[in-house]
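The values are calculated or read from the model by the stated rules, or taken from the named source; none is laboratory data. For clarity, every value in this text was computed on a predicted model and none was experimentally measured. Virtual Cβ from ideal backbone geometry, glycine too; neighbours counted across all protein chains shown. Heads up: the accessible areas ignore ligands, DNA and RNA and are worked out on the full protein's heavy atoms, side chains in. Shrake-Rupley method; radii C 1.70, N 1.55, O 1.52, S 1.80 Å.
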Amino acid sequence: MMTNAEDPTQASADRVRRSTPEHVNLQIDKQTNINVRHYANSSPEVIQKRIEELDREWDIERVLEVNASTLALTGLVLGLTGNKKWLMLPGVVLPFLLQHGLQGWCPPLPILRRLGVRTRGEIDREKYELKALLDGRYS
């Protein structure tokens with residue numbers, strides 16, 4: 001059993017969870033628990049495949065970074081090759097990325113969280129619970 005300080009899903013340990021409404025965090029946690037229960041009676045091969053899927057799952061940080069970079073780069077390219085007004089796009093997106101880096105919140109965060117995009121800690125919690133199921137079968 002993990003203590004609150006060790007549990008990555010505790011709001012005090014995670015800026016994104018602190019910045020997310022509690023009911024959204026609870027819904028994400030509920031879905032994670034459903035996922036673990038779903039695989040609880042599966043074969044080791046199926047559980048291992050799910051663990052590999054979790055290793056490839058994009059966390060909220062990666063989603064935000066890739067989307068912000070894509071929008072900023074697109075605005076920069078369009079601003080340099082076309083209409084200079086496109087330079088406003090990186091001028092809006094990059095401060096949001098900075099805000100997220102400093103505070104753990106930015107305007108797209110609530111939308112992505114409501115869509116179920118998880119933190120690395122939330123993804124890892126599911127992964128480690130599935131690994132514990134595998135370990136329990138071989139102990």
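What to note about this one:
- Shape class of region 47-112 from the Cα gyration tensor (axes a ≥ b ≥ c, square roots of the eigenvalues): oblate, since a/c reaches 1.5 or more and a/b does not exceed b/c.
- Within the chain, helix-based [θ] at 222 nm, where runs of 4 or more DSSP H residues each add -39,500 (n - 2.57), nearest 500: -23000 deg cm²/dmol
- Extension reserve of the Asp29-Asn67 stretch, reckoned as 0.36 nm per residue once the Cα distance is removed: 11.2 nm
- Put the Cα centre of region 10-62 next to the Cα centre of region 105-129 and the gap is 8 Å.
- Only lysine pairs 8 or more places apart, or on different chains, with alpha-carbon atoms under 24 angstrom apart are counted in the chain, and they number 5.
- With every protein chain in place, the chain: carbon and sulfur % of accessible area (1.4 Å): 60 percent
- The chain: relative contact order in percent, alpha carbon pairs under 8 Å with at least 6 residues between: 36 percent
- Rounded, prolate or oblate (a/c below 1.5 giving rounded, otherwise prolate when a/b exceeds b/c) for region 16-70 by Cα gyration tensor: oblate
- Cβ charges +1 (Lys, Arg) and -1 (Asp, Glu), total dipole of the chain, debye: 480 debye
- Heavy-atom accessible area per residue - region 56-139, 1.4 Å, Å²: 61 Å²
- Helix runs (DSSP H) in the chain reaching 30 Å along axis by Cα, Kyte-Doolittle at least -1.0: 60-81
- The residue among Val63, Tyr128, Pro44 whose Cα reaches farthest toward the positive pole of the charge dipole of the chain, with charges on the beta-carbon of Lys, Arg, Asp and Glu, is Val63.
- Area projected by the alpha carbon convex hull of the chain, averaged over all directions, nm²: 10.0 nm²
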